[in-house]
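Inspection log for the structure reproduced underneath, given as structure tokens.
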Amino acid sequence: MVESEVNLTKTYDAIVIGSGAAGGMAAHVLTSHGLQVLLLEAGKKLPIEKELRSMEWPYDNPYRGQLPPDSHSLSFNEYTIRNPPYGPGFEKAKHLKSYIGSSDYLKNIVVNERENPFTGTNYAWVRARCLGGKTNIWGRLALRLSDYDFKAKDRDGFGENWPISYSDIAPYYDKVDLYLGITGVKENLPYLPDSIFQRPTKLNCAEVTLKDSLAKMGRVLTQYRAGVTTDGLKHNKYRSRCYGRGACERKGGCDIHAAFDSPTGLIYPAMDTGNLTLRTNAVVREVTVDPQTGKASGVRFIDNQTMKDYVVHAKVVIVAASTLESARLLLLSKSRQHPNGLANSSGHVGHNFCEHIMGPGVAGRAKNLVGKPSTLDDGRPGGFYLTRFRNLAEKHPKFIRGYGFEGGSGSTMFPRGTDAHGFGAAFKEEVRKNQGAFVGMGAFGEVLARYENYVDLDPFVKDKWGIPALRFHYKFGDNEHRMAEDMKETAQEMFEAAGFEIVNVSGRVLTEGWSIHEMGTARMGSDPKTSVLNQFQQSHDVKNLFVVDGSAFVNASCQNPTWTIMSLCWRSCDYLADELKKGNL
């Protein structure tokens, strides 16, 4: 793929800021409508297959897959004991990475924390500045929301309802399923709607045991619903179907692109239309406005490498930089017409920030599998998903909303159980004998969207490009901690009921941000006084400005957000193209 030269004298139909799930989808939809689109990405285009190397065995890597000696990845304790910015104190490390960057396969995908500081409360902020953003390394779980989420206020009285219902977005979920591919099994659950699934992966022995046991409790374990094409996509020449090979359990993407990533799934096909211009290494520092009308006129960006300033113009600006970076950009874009930041007459930009709480979980051993021959479980994009079961028909006395579990079992390229004590031949035999018998799962729970959980700009700290850093004012609340206690208790109960030997039960809540599922800093709503965007992710204040990433979420639900981000974006961009043709923007 060859990048086009950016014509800075041209007024584009649309500028899209960010090339991840949202930005890639915006580029795809708008170019398919015939619009001339400029896509700006803060990082570079990486030779991603050379980075991921998912067929490489750990013993073929000089560091067994870990980081080189000149790099350091932040640990849970470092996130918790130290205060942001996390750069000071790690001067010996040439490259400082977030916790997700602990692998040699991801070292060039996630940002250098020292160049990209933030301040405030403790937060494990994972950022990937490269073409495709975090879709290069996402966990692939692709779930739909339901009216249990969109109309959650009607059920428990907390927060706000979304200005849409499931029926509004369902056709766009279908479009995303068919265009990108998703694997799974239909379960007919009202709180977790089914997708249009391709061939599912299989559960292994321990997972089936757990599934059968849970069914007796009225709970549902289903195959991992992965954004992966298992049957192939005839309309996309850049992606292969899944062959069930490679180290899919690594914190890394898919180098044959069976798993969705934005470049091969959305951006390259958009380039083929001739309507997309791509500019990488473009760090956007401001959305510019017309001094007469107050409407968005374009963007100002800095070249990542040369540090030169550029301005480019468009009829419409689409912000898709990811939830936190999008809020930062809106707050940075101050002007006479917008003194508190762009699209912020409500004062809600940066507020109502929410995500998923993680940490509690359980590890067990299926004793009937000890010593059995190894199975091939590496090539699965995921193991299982245990769906929400709290606050559906009955109300829990201690907390509102819900949580689900992700988990798996089986034999993997790097065996489970190597943290056992020992060494030598006896130790190796013990690992071999047990590795296929381990089973584990961890919870993801909804963090309530509260106005007092917010981000703003630090008045003093700036990043490498001289742009004010983001400052966090964010902590889990009582509801989240009570939910976490229940996660731990139910995880152990369910494993014991399945007959697994309990190896470890964790009640530790991981640092805020660990889920990488940021949502809600520019929420949608019907009232411009209490929301930033309308139901089409269009600014209430600036009609030619759209924010199409997780920022628009009204609540976090407990389901992973990527599929919903792309479905909402597709719907909004259809609306945008229609309004632009009518001359309404």
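The values are calculated or read from the model by the stated rules, or taken from the named source; none is laboratory data. Fair warning: this is a prediction, and the values are worked out from it, not measured in the lab. Here the Cβ is made from the backbone with ideal geometry for all residues, glycine too, and neighbour counts use every protein chain on show. Accessible surface is based on the protein model in full, side chains and every heavy atom, while ligands, DNA and RNA are left aside. Shrake-Rupley method; radii C 1.70, N 1.55, O 1.52, S 1.80 Å.
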Task: Solvent exposure, largest accessible area first (probe 1.4 Å, DNA, RNA and ligands not counted), of Asp272, Asp177, Asp147 - done: Asp272, Asp147, Asp177
Task: Point-charge dipole on Cβ atoms (K/R +1, D/E -1) for the chain, about Cα centre, debye to 20 - done: 480 debye
Task: region 174-246: relative contact order as a whole-number percent, Cα under 8 Å and 6+ apart - done: 34 percent
Task: In Å², nearest 10: area of Asp212 left accessible to a 1.4 Å probe - done: 80 Å²
TODO: With the full set of protein chains in place, find how many percent of the accessible area of region 294-449 is carbon and sulfur; take the probe as 1.4 Å.
DONE: 53 percent
Open item on the list: Classify region 237-347 from the C-alpha gyration tensor, please: rounded if a/c falls under 1.5, else prolate or oblate depending on whether a/b exceeds b/c.
Closed with: prolate
TODO: Please give the per residue accessible area of the chain, computed with a probe of 1.4 Å over protein heavy atoms only, in Å².
DONE: 38 Å²
- [ ] Only loop residues by DSSP count here, and only those with at most 16 other Cβ atoms within 10 Å; note down the trypsin sites (Lys or Arg not before Pro) in region 346-406 that meet that.
- [x] Lys395, Lys398
TODO: Mind jotting down the three principal axis lengths of region 119-194 based on Cα atoms? Whole angstrom, largest first.
DONE: 36, 35, 21
Task: Relative contact order [Cα under 8 Å, 6+ residues apart], the chain, whole percent - done: 21 percent
Open item on the list: From the convex hull of the Cα coordinates of region 178-284, what is the mean projected area in square nanometres?
Closed with: 9.8 nm²
TODO: Provide Arg241, Arg450 ordered by accessible surface of protein heavy atoms (probe 1.4 Å), highest first.
DONE: Arg241, Arg450
Task: region 252-266 and region 181-237: distance between their alpha carbon centers, rounded to Å - done: 20 Å
- [ ] Let me have the relative contact order for region 348-473, percent, based on Cα pairs under 8 Å that are six or more residues apart.
- [x] 38 percent
- [ ] Please list Glu406, Glu91, Glu485 in order of solvent-accessible area, largest first, computed with a 1.4 Å probe with all protein chains present.
- [x] Glu91, Glu485, Glu406
Task: the chain - convex hull of the alpha-carbon atoms, volume per residue in Å³ - done: 145 Å³
Open item on the list: Given the whole protein assembly as supplied and a 1.4 Å probe, what does the accessible area of His348 come to in Å², nearest 10?
Closed with: 20 Å²
TODO: Would you kindly state the longest site-free stretch of the chain, with sites defined as chymotrypsin sites (Phe, Trp or Tyr not before Pro) in a DSSP loop (not H, G, I, E, B) surrounded by at most 14 other Cβ atoms within 10 Å?
DONE: 244-422
- [ ] Determine the shape class of region 79-146: with a ≥ b ≥ c the square roots of the Cα gyration tensor eigenvalues, call it rounded for a/c under 1.5, and otherwise prolate if a/b is greater than b/c, oblate otherwise.
- [x] oblate
Open item on the list: To check you understand DSSP bridge types, tell me what percent of the beta bridges within the chain (both residues inside) are antiparallel, rounded to 5.
Closed with: 65 percent
- [ ] Collect residues whose amide H, placed 1.01 Å from N in the peptide plane, falls under 5 Å from the amide H of Gln66; neighbours closer than 5 in sequence don't count.
- [x] Asp104
Task: Between region 339-371 and region 517-539, the alpha-carbon center distance in angstrom - done: 19 Å
Task: At most 16 other Cβ within 10 Å, DSSP loop - GluC sites (Glu not before Pro), region 1-87 - done: Glu3, Glu5
Task: Whole-angstrom gap from region 378-434 to region 58-136, using each part's C-alpha centre - done: 24 Å
